[in-house]
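The values are calculated or read from the model by the stated rules, or taken from the named source; none is laboratory data. Since the structure is predicted, the reported quantities are computational estimates derived from the model, not experimental observations. So basically every Cβ, Gly included, is an ideal-geometry build from the backbone, and we count neighbours across all protein chains shown. Just the protein is used for accessible areas: all its heavy atoms, side chains included, with ligands, DNA and RNA removed. Shrake-Rupley method; radii C 1.70, N 1.55, O 1.52, S 1.80 Å.
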Amino acid sequence: MNTIEEIRSQFPALQQLVYGKQLVYLDNGATSQKPQCVIDLVERMHTGANANVHRAMHKLSDDATALYEGARERVRQFINAPARENIIFTSGTTASINLVASSFCRKFVGEGDVVLVSGDSHHSNIVPWQLACQACGAEVKAIPVLEDGRLDMEAYRRMLSGRVKIVAVEHISNVLGIVNPVGEIIALAHAQGIPVLVDGAQGIVHAKVDVQEMDCDFYAFSGHKIYAATGSGVLYGRQELLEAMPPYMGGGDMVDTVTFERTTYAPLPLKFEAGTPNFIAQASLAPALEFAARLREGEIAGVVEEQERAIIEYLKGALTGIEGCRIYGLPEEASGVALGEPGSKIPLFSFNIERCFPSDLAQLLDKMGVAVRTGLMCCEPLMTRFGVTSMVRASFLPYNTLQEAEYFVASLQRAVRMLR
Ligand code: PMP
């Protein structure tokens, strides 16, 4: 693959027409389309290596187990985790955060303690903590978000105290598209002995993640946003913490011995993988991450980066040029920062346009072939922070072209004229 067109050609779903128009898929923040290598693997497993993993002594089960465990190794390499024991397969970011919130809080959080989350959090980095805190008498507090979309680091410093038992932050907000300074957040928390969970649902897609360099204690992400099949997900965890935490769900595969009186648990990572996993989806993480890694290496990496930069610069100018358009999460400092680095903006733009309802804009855009996201985007507290109940979001992946960005803006301008 040397060009964006060659990348695009790997995605059958991008080739389709909707309402007779060429599809322009800009809802990548919600989920990515799937490359042929992932589609092939899923088909190959459904038609061949379809058997439960880790259980049976037969060829199909061995094949499925090899693909499942092979994907775990691929994930380990992709995020540079020390060992397979650090990689727990889950059904996605939501499941990963629920696992940590429930299990960590049961063990380490009590009456009067605090869980600190970032103010730009997705509901899946808020509600699991609320549920866990309700059970143990603790409280969830949020790090405020500044007007330009950055986290208020001064407030964060003030909020870190002995009562904080864990910090859970977005790597990249799915609304603001800014890479948060997770390294600094982690260093400040660690200085007080507080562990940090990073919600990497968007981060894994747009930033290079090395969990050892980042020094996070937990990193959660979904496979479906980074080309893998839906139903795949990962929780990276520091081994000492995972060892100390109680199991989250009980059932098959997570046990050592079971009696009616007492059960002992399987070693990591299976201790946290109760029941039949979505083994085909998890196995698809291997080709998906290989694909993602290829886009970050050699000549094509430069092509992708140049295209992303061009799209960001173009959209900044073109959207600001639309009368009454407000973009959320556009810090001035972002322009000078390398893509994916803390403080940089990813090709994800959330905005509102005066006198136009976001849902009306999205419906008109849809009829022109452009798929965008609208609504609360699972971030109601952040919407409230900006005094709105909805936004429009256009989010891009390496398979999106500058021409698509231009068509999107022209279609948006047409929709605005129709609504005003
Ligand atoms: N966090 C962020 C930042 C997200 O963008 C999303 C998905 N929109 C999630 C968490 C939840 O991911 P999933 O629904 O795949 O569990």
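A few remarks follow.
- The value of relative contact order for the chain, using C-alpha pairs under 8 Å at least six residues apart, is 22 percent.
- Think of the chain as having a plus end and a minus end, set by charges on the Cβ of Lys, Arg, Asp and Glu; of 110, 268, 376, 376 sits farthest toward the positive end of this dipole.
- Surface accessible to a 1.4 Å probe, residue 256 within the full protein complex, Å²: 100 Å²
- Per-residue ³J(HN,Hα) for segment 170-178, Karplus 6.51 cos²θ - 1.76 cosθ + 1.60, θ = phi - 60°, Hz, x for Gly and Pro: 6, 6, 9, 5, 6, 10, 8, x, 10
- DSSP H segments from the chain that extend 27 Å or more along their own axis, Cα-based, with Kyte-Doolittle mean of 0.0 or above: 298-320
- Taking all protein chains as they are arranged and a probe of 1.4 Å, the heavy atoms of residue 284 leave approximately 0 Å² accessible to solvent.
- When you filter the GluC sites (Glu not before Pro) in segment 328-395 for DSSP loop state and at most 14 other Cβ atoms inside 10 Å of their Cβ, you are left with 354.
- Look at the Cα gyration tensor of segment 121-168: its axes a ≥ b ≥ c give a/c of at least 1.5 with a/b at or below b/c, and that counts as oblate.
- Three-way shape call for segment 41-290 based on the alpha-carbon gyration tensor, with the a/c threshold at 1.5: oblate
- Residues with amide H under 5 Å from that of residue 164, placed H, sequence gap 5 or more: 114
- Stokes-Einstein diffusion of the chain at 37 °C, 0.692 mPa s viscosity, Kirkwood radius from Cα pairs, rounded to a whole number: 147 µm²/s.
- Computed from backbone phi, the HN-Hα couplings of segment 243-260 come to 5, 7, 7, x, x, 8, 10, x, x, x, 6, 9, 10, 9, 10, 10, 10, 5 Hz, rounded to whole numbers (Karplus: 6.51 cos²θ - 1.76 cosθ + 1.60, θ = phi - 60°; Gly and Pro given as x).
- The dipole here belongs to segment 41-290: it is taken about the Cα centre, uses +1 on the Cβ of Lys and Arg and -1 on the Cβ of Asp and Glu, and is about 300 debye.
- Think of the chain as a dipole: +1 on every Lys or Arg Cβ, -1 on every Asp or Glu Cβ, centred on the Cα centre; then among 78, 10, 211, 10 lies furthest on the positive end.
- With a cut-off of 9 Å between beta carbons, the residues surrounding residue 339 carry a summed charge of -1, where Lys and Arg count +1 and Asp and Glu -1.
- Cross-link pairs 34/208; 225/367; 225/316 - those with Cα-Cα distance over 22 Å: 225/367; 225/316
- If both residues of a DSSP beta bridge must be in the chain, then about 60% of such bridges are antiparallel.
- Three-way shape call for segment 307-367 based on the alpha-carbon gyration tensor, with the a/c threshold at 1.5: prolate
- Among 13-25, 217-229, the order from most to least packed when residues are scored by Cβ within 10 Å on average: 217-229, 13-25
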